[in-house]
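Novice: Would you mind keeping the following structure in view while I ask a few things?
The values are calculated or read from the model by the stated rules, or taken from the named source; none is laboratory data. Remember, predicted model here, so these are calculated numbers, not experimental data. Heads up, the Cβs are rebuilt from the backbone with ideal geometry, glycines too, and the neighbour counts pull from every protein chain shown. Surface areas here come from the heavy atoms of the whole protein model, side chains and all, with no ligands, DNA or RNA. Shrake-Rupley method; radii C 1.70, N 1.55, O 1.52, S 1.80 Å.
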Amino acid sequence: MIQRIALVTGASSGIGRATAGLLARNGFYVFAMARRKERLEEIRSDHIEPIPLDVTDVEAIKAAISHIITTKGRIDVLVNNAGFGQLGAVECVSMEAAHHQLEVNVFGYARFMQAVLPYMREQQSGCIVNISSVLGKIALPGFGWYAASKHAVEALSEALRGEVKAFGIDVVMIAPGLIKTEFVTKELELLKKVKHPPAYQKIILGLYRLLAGEPQAPGPEIIAKAVLEAVTQSIPAVRHALPWDSKAAVIARWLLGGRLFAWATRQKMRI
Ligand code: NDP
């Protein structure tokens, strides 16, 4: 049987690391990518090959794909996962920081999709898993730029799914809610760097309140398991939101409508 070849971005920690490990334990040969070389080396094995790169570096991505094709001859699965959360009020996040958010979370995914698709089309098979977020369908105060990036990922994924179905390629979204990884710590570090006038203090406190649940959140393994299911099922769910509150938030937004949902959010954040 031909060994399936997977590429996982953001594999140096959290969801990407858990996914690379789980795919490798289930028969995949995994190319694991991220910037921190030493963190990637920790997971090197007979089934995991690290390739350190930044998802904003077009030439590095080209070289990585060329290496995969030269050594393995195919790419069966792309897990687009590398990302971060630029917290802060829409008014206060600098344009430079906003651009960087989209560069990594949207164009980073797009670069990999464009890079693997010619090979998947030729094979007439493949699965692209884009890690979105509960904030790919709703937006909350203080998460504007991050939510914009994940809404863009959802739109691109939906359009792409229709474009490549006839080529035997599947496009799947996994939308995590709060998951215990390095993500929130990094988000809060970025938040501290944004200059907010005192008028925004309540919003900042509300953000801390919302994210205070992170230590009790599930670990990245539940998302890794969802990715494994998506790439091994013949007809995977088009969008899988988990844990349950990720699904519930989107249903609540739909049931309550915009104004009432915004009110409920402000109550929860106490803003
Ligand atoms: P982590 O911070 O633990 O992992 C993020 C990964 O992305 C790291 O491996 C990091 O590696 C990599 N990364 C970030 N920027 C770049 C870059 N420019 N180039 C290459 N790699 C990069 O967070 P998670 O595992 O939680 O996040 C994974 C995905 O899940 C993200 O897309 C996030 O938006 C999404 N998500 C997470 C949620 C959560 O609560 N944790 C909720 C909803 C969605 P390195 O720094 O070494 O480059």
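Novice: Give, in nm to one decimal, the length gained when the segment between GLU158 and ARG74 is fully stretched (0.36 nm per residue of separation minus the Cα-Cα distance).
Specialist: Values: separation 84, 0.36 × 84 = 30.24 nm, distance 2.41 nm.
In short, 27.8 nm is gained.
Novice: Give the angle, between 0 and 90 degrees and rounded to the nearest 10, that separates the Cα long axis of helix 58-72 from the longest principal axis of the Cα atoms of the chain.
Specialist: Once rounded, one gets 40 degrees.
Novice: Ignoring ligands, DNA and RNA, what accessible area per residue does region 5-269 give at 1.4 Å, in Å²? If you can, show how the numbers build up before the last one.
Specialist: Working: 12460 Å² over 265 residues.
It amounts to 47 Å² per residue over region 5-269.
Novice: Which whole-angstrom value gives the distance between the alpha carbon centres of region 175-196 and region 87-106?
Specialist: What the calculation gives is 13 Å, centre to centre.
Novice: Would you work out the charge dipole size for region 1-158 about its Cα centre, treating the Cβ of every Lys and Arg as +1 and the Cβ of every Asp and Glu as -1, and quote it to the nearest 20 debye?
Specialist: Working: 15 positive and 15 negative charges, 82 e Å.
Around 400 debye, computed over region 1-158.
Novice: May I ask for the angle, rounded to the nearest 10°, between helix 221-232 and the longest principal axis of the chain, with both axes built from Cα atoms and the value confined to 0 to 90°?
Specialist: Between the helix axis and the principal axis of the chain, the angle is about 40 degrees.
Novice: Now a separate question. Give LYS37/LYS247; LYS137/LYS202; LYS62/LYS247; LYS186/LYS225; LYS193/LYS225 a once-over and call out the pairs whose C-alpha atoms are over 30 Å from each other. Could you put the intermediate results ahead of the total?
Specialist: Numbers: LYS37/LYS247 35 Å; LYS137/LYS202 24 Å; LYS62/LYS247 36 Å; LYS186/LYS225 24 Å; LYS193/LYS225 34 Å.
Pairs exceeding the cut-off: LYS37/LYS247; LYS62/LYS247; LYS193/LYS225.
Novice: Taking Cα atoms, how many degrees apart are the long axis of helix 144-164 and the longest axis of the chain, rounded to 10 and kept between 0 and 90?
Specialist: Long axis of 144-164 versus the principal axis of the chain: about 40 degrees.
Novice: Which Cα, out of GLY27, LEU140, ALA63, lies furthest along the positive dipole direction of the chain (beta carbon charges, K/R +1, D/E -1)?
Specialist: Final value for the positive-end residue is LEU140.
Novice: Which parts of region 197-234 would a label at GLU91 reach, counting a residue when its backbone N lies under 11 Å from a point 7 Å out along Cα-to-Cβ?
Specialist: 197-201
Novice: Report, to the nearest whole %, how much of the accessible area of region 168-271 belongs to carbon and sulfur atoms, 1.4 Å probe, protein only.
Specialist: 62
Novice: Note the full-extension length gain between ALA262 and ASP54 as 0.36 nm times their separation in residues minus their Cα-Cα distance, in nm to one decimal. Can you show the working numbers first?
Specialist: Numbers: separation 208, 0.36 × 208 = 74.88 nm, distance 3.60 nm.
Separation in residues times 0.36 nm, less the Cα-Cα distance, equals 71.3 nm.
Novice: Another one. Could you give each residue of region 234-251 its phi-based ³J(HN,Hα) in whole Hz, using Karplus coefficients 6.51, -1.76, 1.60 with θ = phi - 60°, and x for Gly or Pro?
Specialist: These are the phi-based 3J(HN,Hα) values: 6, 10, x, 4, 5, 9, 10, 9, 7, x, 4, 6, 5, 5, 4, 4, 6, 5 Hz.
Novice: From the backbone phi of region 108-120, what are the Karplus-calculated ³J(HN,Hα) couplings (6.51 cos²θ - 1.76 cosθ + 1.60, θ = phi - 60°) in whole Hz, Gly and Pro given as x?
Specialist: Result, ordered by residue: x, 5, 4, 4, 5, 4, 5, 6, 8, 4, x, 6, 5 Hz.
Novice: Tell me the net charge near GLN216. Cut-off is 14 Å between Cβ atoms, GLN216 excluded, with +1 for each Lys or Arg and -1 for each Asp or Glu. Can you show the working numbers first?
Specialist: Working: positive: LYS180, ARG209; negative: GLU214, ASP245.
Neighbourhood net charge equals 0.
Novice: OK, next. Calculate the tail of P(r) for the chain: the fraction of all Cα-Cα distances greater than 23 Å, expressed in %. Don't jump to the answer; show the numbers that get you there.
Specialist: On the way: 18847 of 36585 pairs.
It works out to 52 percent of all Cα pairs.
Novice: Need the full-extension length gain, LEU205 to LYS37, defined as separation in residues times 0.36 nm minus the C-alpha distance. One decimal, nm.
Specialist: Working: separation 168, 0.36 × 168 = 60.48 nm, distance 3.51 nm.
My answer for the length gained is 57.0 nm.
Novice: Where does the charge balance sit around PHE31 when Lys and Arg score +1, Asp and Glu -1, over other residues with C-beta under 10 Å from its C-beta? Don't jump to the answer; show the numbers that get you there.
Specialist: Working: positive: LYS72; negative: GLU49.
Summing Lys/Arg as +1 and Asp/Glu as -1 gives 0.
Novice: What is the local net charge at ALA175, summed over the other residues whose Cβ is closer than 9 Å to its Cβ (Lys, Arg +1; Asp, Glu -1)? Kindly include the intermediate steps, with their values, before the conclusion.
Specialist: Details: positive: LYS137, LYS150, ARG239, LYS247; negative: GLU154.
Around ALA175, the surrounding residues sum to +3.
Novice: Given H placed 1.01 Å from N in the peptide plane, which residues other than close sequence neighbours of GLY126 have an amide H under 5 Å from its amide H?
Specialist: ASP170
Novice: Rounded to the nearest 20 Debye, what is the dipole magnitude of the chain about its Cα centre when Lys and Arg each give +1 and Asp and Glu each give -1 at the C-beta?
Specialist: Numbers: 32 positive and 24 negative charges, 164 e Å.
Charge dipole, the chain, about its Cα centre: 780 debye, nearest 20.
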